[in-house]
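Peer 1: Input: one structure, supplied below.
The values are calculated or read from the model by the stated rules, or taken from the named source; none is laboratory data. Please read all numbers here as calculations on a predicted model, not as lab measurements. Because the Cβ atoms are built from the backbone with ideal geometry, glycine has one as well, and the counts that use them run over all protein chains shown.
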Amino acid sequence: VKYDRKELRKRLVLEEWIVEQLGQLYGCEEEEMPEVEIDIDDLLDAANEEERALKLQETLVDCYKPTEEFIKELLTRIRGMRKLSPPQKKSI
């Protein structure tokens, strides 16, 4: 099975950054964080930046700290990313 390793690596780095930022926004460790799910592929499916920002605002609705900078930075980081497609079988 062949994976796009570069894309997977970018995704992993982004997910680690998201967890770190959510910890700061919610003021707690990952284990104590409320159930917050940010689906990168779902964001990439959105029609435009405004729709992506709206989805993120809805996800972070129970966060009491300002989320604007996080949302802005996340949208910048996903720009140019592609949805992860299922792994493709390597031709023999």
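Peer 1: Please specify each residue of region 50-65 satisfying the condition of being in contact (Cβ under 8 Å) with a residue 24 or more places away in the chain and under 17 Å from R77 (Cβ atoms). I'd like the intermediate steps shown before the answer.
Peer 2: Kept after step one, since they are in contact (Cβ under 8 Å) with a residue 24 or more places away in the chain, are these residues of region 50-65: 52, 60, 62-63, 65.
The answer is R52, L60.
Peer 1: Quickly run through region 50-68 and pick out the residues that are touching a Leu at 6+ places or on another chain (Cβ under 9 Å) and surrounded by 14 or more Cβ atoms within 10 Å (Cβ to Cβ).
Peer 2: Those that are touching a Leu at 6+ places or on another chain (Cβ under 9 Å) and surrounded by 14 or more Cβ atoms within 10 Å (Cβ to Cβ): R52, A53, K55, L56, L60, C63, T67.
Peer 1: Can you pull out every residue in region 29-47 that is part of a loop (DSSP other than H, G, I, E, B) and closer than 16 Å to K83 by Cβ? Lay out the reasoning, then the answer.
Peer 2: So the first thing to find is which residues in region 29-47 are part of a loop (DSSP other than H, G, I, E, B), and the list is 29, 33-39, 46-47.
If the condition is that a residue be part of a loop (DSSP other than H, G, I, E, B) and closer than 16 Å to K83 by Cβ, then I38, D39, A46, A47 are the ones that fit.
Peer 1: Follow-up. Take the residues of region 80-92 that are part of a loop (DSSP other than H, G, I, E, B) and surrounded by 10 or more Cβ atoms within 10 Å (Cβ to Cβ): which is modelled with the lowest pLDDT? Full working, then the answer.
Peer 2: Residues of region 80-92 that are part of a loop (DSSP other than H, G, I, E, B), as a first pass: 80-87, 89-92.
Filter once more, so that each one left must be surrounded by 10 or more Cβ atoms within 10 Å (Cβ to Cβ): 81-85, 87.
Working: M81: 87, R82: 84, K83: 82, L84: 74, S85: 67, P87: 59.
Step by step, filter region 80-92, then rank; the result is P87.
Peer 1: Out of everything in region 1-18 that is over 13 Å from R77 (Cβ atoms) and assigned to a helix (DSSP H, G or I), what residue ends up being modelled with the highest pLDDT?
Peer 2: Our first condition is that a residue be over 13 Å from R77 (Cβ atoms); within region 1-18, this holds for 1-9.
Filter once more, keeping what is assigned to a helix (DSSP H, G or I): 5-9.
Numbers: R5: 84, K6: 85, E7: 84, L8: 88, R9: 91.
So the residue we want is R9.
Peer 1: Hey, another quick one. So in region 19-40, with the set limited to residues that are modelled with pLDDT under 90 and aliphatic (A, V, I, L, M), which one is farthest from the chain's Cα centre (by Cα)?
Peer 2: Among residues in region 19-40 that are modelled with pLDDT under 90 and aliphatic (A, V, I, L, M), the one farthest from the chain's Cα centre (by Cα) is M33.
Peer 1: A further question follows. Could you list all residues from region 1-49 that are surrounded by fewer than 10 Cβ atoms within 10 Å (Cβ to Cβ), among the basic types (K, R) and out of contact with any strand residue (DSSP E or B) (no Cβ under 7 Å at 6 or more places or on another chain)?
Peer 2: Selection gives R5, K6.
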